[in-house]
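This report refers to the structure that appears directly beneath it.
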Amino acid sequence: MNRNELEKYILETYNSEFDYPWLNNPNYEVFRHSNDKKWFALIMDVPKRRLGLIGNDVIDVVNLKCDPILIGNLQNENGFFPAYHMNKEHWITVALDGSVSDEQIKMLVDMSFDLTSLKRENCK
């Protein structure tokens, strides 16, 4: 799944809004819940070296909130990294370069949406 395919999936699946909150990073796209503006996905283009990869070119990635137990397992797989500029215990960075299956990315987006949902907080 690439960046455009992920954007399309999110917009078709969820009642969400998106914006570009950082002037110095105009390609960093935040997807938010429409009711409370909490974000559940952050799509970015970052230099590979920032993720511990070799090379100076950039790679599209998405940060997603994730179950902490699952994060440990995922980081042992290709295409998964400790969260870039986010809480590494609750967020994970996923490459959008074809190294992670579309179904796995969709599952993680769904999880992130649910974990950041206002209705979830009201159940506590």
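No lab work stands behind these numbers, since they all come straight from the coordinates. Everything quoted here is computed from the prediction, not taken from an experiment. Neighbour counts are summed over all protein chains in view; Cβ atoms, including those assigned to glycine, are modelled from backbone coordinates with ideal geometry.
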Practice problem: Evaluate the distance, in nm, between pseudo-label points positioned 7 Å from the Cα of ASP57 and of SER34 along their respective Cα→Cβ axes. | Solution: 3.8 nm
Exercise. Putting +1 on Lys and Arg Cβ atoms and -1 on Asp and Glu Cβ atoms, find which of ASN25, TYR14, VAL58 reaches farthest to the positive end of the dipole of the chain.
Key: ASN25
Self-check item: Lysine pair count for the chain [Cα-Cα under 22 Å; pairs on different chains or 8 or more apart]
Solution: 22
Quiz item: Where does the chain land at 222 nm, in deg cm²/dmol rounded to the nearest 500, when only DSSP H runs of n ≥ 4 count, each adding -39500 (n - 2.57), divided by all residues?
Solution: -8500 deg cm²/dmol
Exercise. Report, in debye and to the nearest 20, how large the dipole of region 9-124 comes out about its Cα centre when Lys and Arg carry +1 and Asp and Glu carry -1 on their Cβ.
Key: 440 debye
